[in-house]
Amino acid sequence: MISNVSTPLLGVVDTGIVGQLPDPAYIGAVALGALVFNYVFWGFGFLRMGTTGLTAQAFGAADAAEIRASLGRAVLIALVVGASLIVLQWPIREAAFALLDGSPRVERLARDYYDIRIWAAPATLINYALLGWFIGMGRARVALTLQLVLNITNMLLDAFLVFALGLDVKGVAGGTVLAEVVAAATGLVIAARQLRTFGGRWDVARLTAADRLARTVAVNRDIMIRSLALIFIFSWFTGQGAKQGDTILAANAVLMNMVAVTVYFLDGWAFAAEALVGRAVGEANRAGLSAAVCMTTWWAAGVAVLTSAVALPFGPAIIDVLTVDETVRAAARVYLPWAALAPLVGVWCFQLDGIFIGATRAAEMRNAMLMSVGIFLAGWWLLRPWGNHGLWAALYVHYAARTGTLLYYFPTLVRSVPA
C-alpha cells in the first residue's frame with residue numbers, strides 16, 4: 001500500500017512545484033501534458049498488470065523458469081514499445097493536442113512539457129514491468145524502494161530545475177525523465193540479484209515459446225484495451241474541465257491529484273489481491289481465492305472510509321500546498337467534497353480490478369470497461385446542466401458502472417478455479 005501510494009506522487013510533485021508559480025496556466029499545462037502521457041504511457045499499463053498476474057501464477061505453480069521469462073518478455077516489450085514511441089513522437093503529439101481544448105498559452109506550455117517527457121518512454125515502461133514483476137513475486141518492499149527512488153529523485157530534480165534554473169514546465173518534465181531513468185536502472189540491478197537466488201539461466205526458447213507468447217499477448221491486448229477505455233474516461237473529464245476555463249481546469253487538476261493519491265493508496269489492497277489471487281489460481285485453490293478476496297476487500301473498505309474521513313477536513317490545507325493561486329484555491333474548495341468522497345464509491349471497482357488481474361481474466365475486464373464507458377458518457381450527458389458538479393457526478397457514475405459490470409462476471413471467475 002505504501003509502495004503504491006507513492007506512484008501518483010510524480011503528478012503531485014509536478015503539480016505542487018508549478019503550483020508555486022503565480023499563474024494557473026502552469027498547472028493547466030502540466031495537467032494537459034500529463035493527460036497526453038496517460039494515453040501514451042498508461043495505455044501500456046498492461047506491462048504492470050499483465051506481468052503481475054502472470055508472475056504470481058508462475059510463482060504459485062513453482063515454475064522458476066517462467067518467473068524469469070515473465071520478466072524478460074515484459075522488459076523486451078517495454079524496450080520495443082518505448083523506442084517506437086520516441087520515433088513516433090511528432091505524430092502522437094500533433095494528434096493529441098488536436099483533440100485537447102486548452103487556451104493557447106496552456107497548450108504551448110503543455111507542448112514544451114511533452115517534447116521533453118516523451119524521452120522517458122523506455123525507462124517508464126521498464127519501470128511498469130519491474131513493478132508488476134516484483135508485486136507478482138510478493139516483493140512489496142522492493143517495489144516500495146523503487147518508488148521511493150523514483151519520487152525522491154523526481155522531487156529533488158524538479159525543485160532544482162524549476163526554482164534554481166527557472167525552467168518552469170520544462171524543468172518539471174526534465175526532472176521526471178531523469179528520475180525514471182534512475183529508477184529503471186536501480187530496478188534492473190535489484191531484479192538481477194533476485195534472479196540469482198532462483199538459479200537457472202535465460203532460455204530463449206522459453207521466452208519465445210508460441211503458446212506462452214500467445215497467452216501473454218492475449219492478456220496484454222485485452223488489458224491495453226481496458227486501460228485505454230479507462231484513460232478515455234479521465235481524458236474526457238479533463239477535456240470537459242478545460243472547456244470551462246483555465247481556473248476550473250487547474251482546480252480539477254489539483255483535486256484529481258488528491259483523488260489519485262487515495263486511489264493508489266486503496267490500490268495497494270488491489271495489488272495484494274492480484275498477488276494472492278494469482279497464487280491461488282496457480283495452485284488451483286478456490287478456497288485460497290475466496291480467502292484472498294474477502295481479506296483484501298474488507299481491509300480496502302476500511303481504508304476507504306479512513307481516507308475520506310481524512311480528506312474532508314484536511315482537503316483545504318492540501319489544496320493550499322498544491323497551488324498559491326487564490327482563484328484556483330477557491331474553485332477547488334467548492335468541488336472538494338466530490339474528491340474527498342470518491343474512495344467510498346470507487347473502492348469496490350478497484351478491488352475487483354485486482355481480483356480479475358490476478359486471475360488474468362483480461363477479456364472480462366475489457367468487456368466490463370467498454371460497457372462502463374458507454375454508461376459514463378450517458379451519465380455525463382444527463383448531468384451536463386450542473387456544470388462541473390455534474391462532471392464530478394459523472395465520474396461517480398463511472399465507478400458504479402465498473403463495479404456492476406465486473407460483479408456480473410465474478411461468479412464465472414470463481415467457478416474457473418477448482419474447488
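The values are calculated or read from the model by the stated rules, or taken from the named source; none is laboratory data. Owing to the predicted nature of the structure, the values given are computational and were not obtained by experimental measurement. Glycine gets a Cβ as well: all are built from the backbone with ideal geometry, and neighbour counts include every protein chain shown. Surface accessibility is based on the protein's heavy atoms, side chains included, excluding ligands, DNA and RNA. Shrake-Rupley method; radii C 1.70, N 1.55, O 1.52, S 1.80 Å.
Some notes on this structure:
- Candidate set: the stretch 195-231, residues that are among the polar types (S, T, N, Q) and in contact (Cβ under 8 Å) with a residue 60 or more places away in the chain; chosen: the one nearest to residue 58 (Cα to Cα): 216
- The test for being free of Cβ contacts under 8 Å to residues at least 24 places away in the same chain and not basic (Lys, Arg) does not hold for residue 267.
- Across the stretch 194-237, the qualifying residues are those that are open to solvent by less than 30 Å² (accessible area, probe 1.4 Å) and among the polar types (S, T, N, Q), and the one among them that is nearest to residue 103 (Cα to Cα) is 235.
- Total residues in the stretch 42-69, condition surrounded by fewer than 21 Cβ atoms within 10 Å (Cβ to Cβ) and either of a type in the set (Val, Ile, Thr) or closer than 28 Å to residue 229 by Cβ (or both): 2
- Candidates are the residues of the stretch 279-300 that are more than 16 Å from residue 415 (Cβ to Cβ) and surrounded by fewer than 17 Cβ atoms within 10 Å (Cβ to Cβ); the one that is farthest from the chain's Cα centre (by Cα) is 291.
- Residue within the stretch 337-345 that is within 21 Å of residue 261 (Cα to Cα), open to solvent by 10 Å² or more (accessible area, probe 1.4 Å), in contact with a Ser or Thr (Cβ under 7 Å, 6 or more places away or on another chain) and touching a residue at least 12 places away in the same chain (Cβ under 8 Å) present: yes
- Residues in the stretch 306-332 that are touching a Pro at 6+ places or on another chain (Cβ under 8 Å) and either modelled with pLDDT under 90 or among the β-branched types (Val, Ile, Thr) (or both): 307, 323, 324, 325, 327, 328.
- Among the residues of the stretch 233-240, not a single one is over 17 Å from the mean Cα position of the chain (by Cα), β-branched (Val, Ile, Thr), on the phi < 0 side of the Ramachandran plot and at pLDDT 85 or above.
- Residue within the stretch 198-220 that is modelled with pLDDT of 80 or more and either in a helix (DSSP H, G or I) or farther than 26 Å from residue 112 by Cβ (or both) present: no
- Complete set of residues in the stretch 116-147 that are part of a helix (DSSP H, G or I), modelled with pLDDT of 85 or more and out of contact with any helix residue (DSSP H, G or I) (no Cβ under 6 Å at 6 or more places or on another chain): 145
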